[in-house]
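Trainee: My structure is below; once you've seen it, I'll send some questions.
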Amino acid sequence: MNIDVERVDSIKKITLNVKKFDVANMQEIKKNIQAEVEADASDILMDLSKVSFVDSSGLSVIISIFKQLKSSNHQLKLCGLQEQPMELLEITQLHKIFTIIDSCNK
Amino acid sequence: MKNSLIVKSELKSLDNVYRWVEELLTDEVGRKKLRDILLITQEMVTNSILHGNEEAIDKKVTIDVEIELNEIKINIEDEGKGLKSLPSHKEAEELDYLAESGRGLKLAVLMTNSIELHGNRIKLIFNRE
């Protein structure tokens, strides 16, 4: 399974178990996360600490989940970002839109 | 020095391209520059596989990496019809933050030092710094 799901209080924590989150695995990861969102609406903390590389397709999945949650008044938070995923968010200006937290254990 | 890699038009080729470029350039550029080069190479090879060659398994994508004194030049060529044009720097800067597609070429314009389109071949130039 490319994601792990854990409920922490009212937040669902989804951990991505891949090093590369890209066009090659984005469809499957998107399907799995969307199933979680649809099964049980709640805020989501996406743990990216294992992900060292995100391309524009991986980014599009994060945007899609962000929009899906926002439409039901829920929030997406990202944590554990390594250098390259953070740089990608900065150059696309999405670091201003997404909620990014350092620690995934809060 | 020029190195070449030819891959099939399937998405699983991307891991091979990533590892090959990483191995070639790890000792040639800084870590931030390497991350930029790996991202943009992946974006352009993805475009070649999906849109240029339309995932036709008999069609190939060729990646050439030239390591020069001040620059890294990367040519990516497919067997498709080629792009008509590239976004301008201004268009690339006007990113629609929440669009879910169309970001790869704009990132290439923003993150390379120079980019050239020659039909079905795209040339990326990165300063080594």
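The values are calculated or read from the model by the stated rules, or taken from the named source; none is laboratory data. Keep in mind it's a predicted model, so treat the numbers as computed, not measured. For neighbour counting, all protein chains shown are included, and Cβ atoms are generated from backbone atoms with ideal geometry for every residue, glycine included.
Trainee: Which members of the stretch B:26-46 meet the condition of being closer than 20 Å to residue A:85 by Cα and touching a strand residue (DSSP E or B) at 6+ places or on another chain (Cβ under 9 Å)?
Mentor: If we filter the stretch B:26-46 for residues that are closer than 20 Å to residue A:85 by Cα, which is where we start, we get B:26, B:29-46.
Matches in the stretch B:26-46: B:29, B:33, B:35, B:36, B:37, B:38, B:39, B:40, B:41, B:42, B:44, B:45.
Trainee: Follow-up. Test residue A:56 against the criterion of being small (Gly, Ala, Ser) and within 13 Å of the chain's Cα centre (by Cα), and give yes or no.
Mentor: Details: small (Gly, Ala, Ser): yes; within 13 Å of the chain's Cα centre (by Cα): no.
Criteria not met by residue A:56.
Trainee: Something else now. Looking at A:98, A:53, which is the one that is facing chain B (nearest Cβ under 9 Å) and either in contact with a Ser or Thr (Cβ under 7 Å, 6 or more places away or on another chain) or in contact (Cβ under 8 Å) with a residue 24 or more places away in the chain (or both)?
Mentor: Working: A:98 fails: facing chain B (nearest Cβ under 9 Å).
A:53 is the lone residue from the list that is facing chain B (nearest Cβ under 9 Å) and either in contact with a Ser or Thr (Cβ under 7 Å, 6 or more places away or on another chain) or in contact (Cβ under 8 Å) with a residue 24 or more places away in the chain (or both).
Trainee: May I ask you to verify whether residue A:21 is within 14 Å of another protein chain (Cβ to nearest Cβ), surrounded by 14 or more Cβ atoms within 10 Å (Cβ to Cβ), touching a Gly at 6+ places or on another chain (Cβ under 8 Å) and of a type in the set (A, V, I, L, M, F, W, C)? Please lay out each step first, then the result.
Mentor: Numbers: within 14 Å of another protein chain (Cβ to nearest Cβ): yes; surrounded by 14 or more Cβ atoms within 10 Å (Cβ to Cβ): yes; touching a Gly at 6+ places or on another chain (Cβ under 8 Å): yes; of a type in the set (A, V, I, L, M, F, W, C): yes.
Yes; evaluated as a whole, the condition is true for this residue.
Trainee: Does at least one position in the stretch A:60-83 carry a residue that is in contact with a Lys or Arg (Cβ under 6 Å, 6 or more places away or on another chain), within 14 Å of chain B (Cβ to nearest Cβ) and in contact (Cβ under 8 Å) with a residue 24 or more places away in the chain? Even if it seems obvious, please write down each step before you answer.
Mentor: First, the residues of the stretch A:60-83 that are in contact with a Lys or Arg (Cβ under 6 Å, 6 or more places away or on another chain): A:61.
Still in the list and also within 14 Å of chain B (Cβ to nearest Cβ): A:61.
Filter once more, so that each one left must be in contact (Cβ under 8 Å) with a residue 24 or more places away in the chain: A:61.
The answer is yes, given that some residue of the stretch A:60-83 is in contact with a Lys or Arg (Cβ under 6 Å, 6 or more places away or on another chain), within 14 Å of chain B (Cβ to nearest Cβ) and in contact (Cβ under 8 Å) with a residue 24 or more places away in the chain.
Trainee: May I ask you to verify whether residue A:32 is farther than 23 Å from residue B:105 by Cβ, of a type in the set (S, T, N, Q) and either in a helix (DSSP H, G or I) or within 14 Å of chain B (Cβ to nearest Cβ) (or both)? Break it down into steps so the answer makes sense when it comes.
Mentor: Values: farther than 23 Å from residue B:105 by Cβ: yes; of a type in the set (S, T, N, Q): yes; either in a helix (DSSP H, G or I) or within 14 Å of chain B (Cβ to nearest Cβ) (or both): yes.
So residue A:32 fits the description; yes.
Trainee: Pick from B:39, B:5: which is of a type outside the set (S, T, N, Q), surrounded by 16 or more Cβ atoms within 10 Å (Cβ to Cβ), modelled with pLDDT of 95 or more and over 18 Å from residue A:57 (Cα atoms)? Break it down stepwise before answering.
Mentor: Values: B:39 fails: over 18 Å from residue A:57 (Cα atoms).
Testing whether each residue is of a type outside the set (S, T, N, Q), surrounded by 16 or more Cβ atoms within 10 Å (Cβ to Cβ), modelled with pLDDT of 95 or more and over 18 Å from residue A:57 (Cα atoms) leaves just B:5.
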